[in-house]
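Data block below; observations after.
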Amino acid sequence: GAVVSQHPSWVICKSGTSVKIECRSLDFQATTMFWYRQFPKQSLMLMATSNEGSKATYEQGVEKDKFLINHASLTLSTLTVTSAHPEDSSFYICSAPGVPSYNEQFFGPGTRLTVL
Amino acid sequence: QKEVEQDPGPLSVPEGAIVSLNCTYSNSAFQYFMWYRQYSRKGPELLMYTYSSGNKEDGRFTAQVDKSSKYISLFIRDSQPSDSATYLCAMEGGSEKLVFGKGTKLTVNP
């Protein structure tokens, strides 16, 4: 099956710093990737859709200047949390549609961000 | 009314029991239905994927979709302690965006 990796798996940072999270499709190409946020005991909430070669599209209520997304290649998307604050502490997960069943999405292992 | 409703549980069953997990939804545009399993502090793992109404079986897992009732189910036969996880239903209606239920936390006791 399709494999999606994320790095780092966990990160702790000070308030006001920026954190970059990488999402890679390991054995397939992904022109689209999705970024989700999951708070404890809550479901996954879609933050944005990352598009290779074009700007990301953000869901309502998600600050695009705070959560910068760059889809640098067909196998890599990055999410940068800028000027992180404690309320940004969460579990961030990316996914990519599979091949050939585009509607099947495969998820990365997630990145746990803690902002002190 | 939320687009996807799922009882968060928790659900606790003895090993070997049949487990029934359910979701209801309100958006009739949903055509693709998925069940994901998520272990603590891990990303979701795709278990079952179904298009439109009907049943799909894979080993001990059976997924059912009833579009007329806007109701989907996942059955786990001969449940094992290793099945203990949170189960998330997800749906998609052609927009490529998944809408998730809240997840049901399942514990299978040895």
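With the structure loaded, tell me whether B:VAL65 is without any contact (Cβ under 8 Å) to a residue 40 or more places away in the chain, β-branched (Val, Ile, Thr) and in contact with a Gly (Cβ under 7 Å, 6 or more places away or on another chain) or whether it fails that test. Yes; evaluated as a whole, the condition is true for this residue.
Restricting segment A:107-116 to residues that are in a strand (DSSP E or B) and more than 12 Å from the chain's Cα centre (by Cα) leaves a set whose member that is farthest from the other protein chains (Cβ to nearest Cβ) is A:VAL115. Listed by position, the strands (runs of 3 or more DSSP E) contained in chain B that have at least 1 residues being small (Gly, Ala, Ser) are B:11-14, B:19-25, B:54-58, B:61-66, B:71-76, B:85-92.
Filtering B:GLY103, B:GLY94 for residues that are exposed (fewer than 14 other Cβ atoms within 10 Å of the Cβ), within 14 Å of chain A (Cβ to nearest Cβ) and within 24 Å of B:SER28 (Cβ to Cβ) leaves a single hit, B:GLY94.
Quick note: the coordinates plus some simple rules give every number you see, no bench work behind them. This structure is a prediction, so every number in the text was calculated from the model and none was measured. Because the Cβ atoms are built from the backbone with ideal geometry, glycine has one as well, and the counts that use them run over all protein chains shown.
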